[in-house]
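Working notes for the structure below.
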Amino acid sequence: MKRLIVYLLEIILCFVIQTSTFHYFELADVMPNLLLILVVSNAYMRGRLTGLSIGFFSGLLIDLIFGDVIGLSALLYMVIGYFIGFTNKIYSNDDYTLPIVFVAISDLVYGFFYYIVEFLLRGRLNFLFYFSRIILPEMIYTIAASVIFYKLFHMINNHLDRKINEED
């Protein structure tokens, strides 16, 4: 129950920080995707079901507030969380490079599929422009932010593990 409450607080806090505070830190008209970092971090540390759940609720929150299509971000985050959850089998408590690589891959996949649904199906075919102006800068900025935020999510996860093990 504690873990569920912490996950909900993480989703809400990351959403609020991403939508309100990071507008002041925009570079090249993009912001880091904190909710994607949250989904990838927890999926990597906890597994498929956690990644799927956090991805669904994070994406649904984005869709309800900003989305043109309800369910698009929820579906993309959910799929990313599920597939990154498979990497839980190779999770190492002291490895910080592999999750950052997973964040980069996930942001690239998210940007590509978001382009397909939102732009390509509407006849906007200039993928190289979208890639160079949106996908690549957001991916670089998200990678830079993931260095800090993954460490924070990792510390929260380890603290929760210790608290739950002490209660058992």
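The values are calculated or read from the model by the stated rules, or taken from the named source; none is laboratory data. Bear in mind the structure is a predicted one, so any value in this text is a computation, not a measurement. Glycine gets a Cβ as well: all are built from the backbone with ideal geometry, and neighbour counts include every protein chain shown. The accessibility values were calculated without ligands, DNA or RNA, using every heavy atom of the protein model including side chains. Shrake-Rupley method; radii C 1.70, N 1.55, O 1.52, S 1.80 Å.
Quick rundown of the values:
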item: Local electrostatic count, PHE57, Cβ distance below 11 Å [Lys/Arg +1, Asp/Glu -1]; result: -2
item: In sequence order, calculated HN-Hα J values of region 128-138 (Karplus, 6.51, -1.76, 1.60; Hz; x Gly/Pro); result: 4, 5, 5, 5, 6, 9, 10, 4, 5, x, 5
item: Mean projected area in nm² (Cα convex hull; one quarter of hull surface) for region 60-127; result: 5.5 nm²
item: CD proxy at 222 nm, helix term only [per DSSP H run n ≥ 4: -39500 (n - 2.57); per residue of the chain; nearest 500]; result: -23500 deg cm²/dmol
item: Accessible surface, 1.4 Å probe, highest first, among residues LEU76, LEU128; result: LEU128, LEU76
item: Inter-part distance where region 1-66 and region 121-145 are each reduced to a Cα centre, Å; result: 20 Å
item: Cut-off under 5 Å, modelled amide H: who pairs with VAL30 long-range; result: none
item: ³J(HN,Hα) computed for each position of region 100-106 - Karplus, 6.51 cos²θ - 1.76 cosθ + 1.60, integer Hz, glycine/proline x; result: 5, 5, 5, 5, 4, 5, 5
item: Of all accessible heavy-atom area on the chain, the percent that carbon and sulfur account for (1.4 Å); result: 71 percent
item: 12 Å beta-carbon shell around SER73, net charge (K/R +1, D/E -1); result: -3
item: Inter-label distance for ARG48 and ASP94, nm, one decimal - labels placed 7 Å from Cα along Cα-to-Cβ; result: 3.0 nm
item: Rounded if a/c under 1.5, otherwise prolate or oblate - region 9-95, Cα gyration tensor axes; result: oblate
item: Listed peptides 12-21, 46-55, 92-101 by packing density, highest first (mean Cβ within 10 Å); result: 46-55, 12-21, 92-101
item: For LEU36, net neighbour charge (Lys/Arg +1, Asp/Glu -1) across residues whose Cβ lies under 15 Å away; result: -4
item: For ASP107, solvent-accessible area (1.4 Å; no DNA, RNA or ligand), Å²; result: 0 Å²
item: Rel. contact order, % - alpha carbon contacts under 8 angstrom, at least six apart, the chain; result: 25 percent
item: Rounded accessible area per residue of region 1-121, 1.4 Å, Å²; result: 51 Å²
item: Under Karplus coefficients 6.51, -1.76 and 1.60, residue-wise ³J(HN,Hα) of region 117-123 in Hz, glycine/proline x; result: 6, 7, 10, 5, 6, 9, x
item: Accessible area of LYS2 in the full protein assembly, 1.4 Å probe (Å², nearest 10); result: 100 Å²
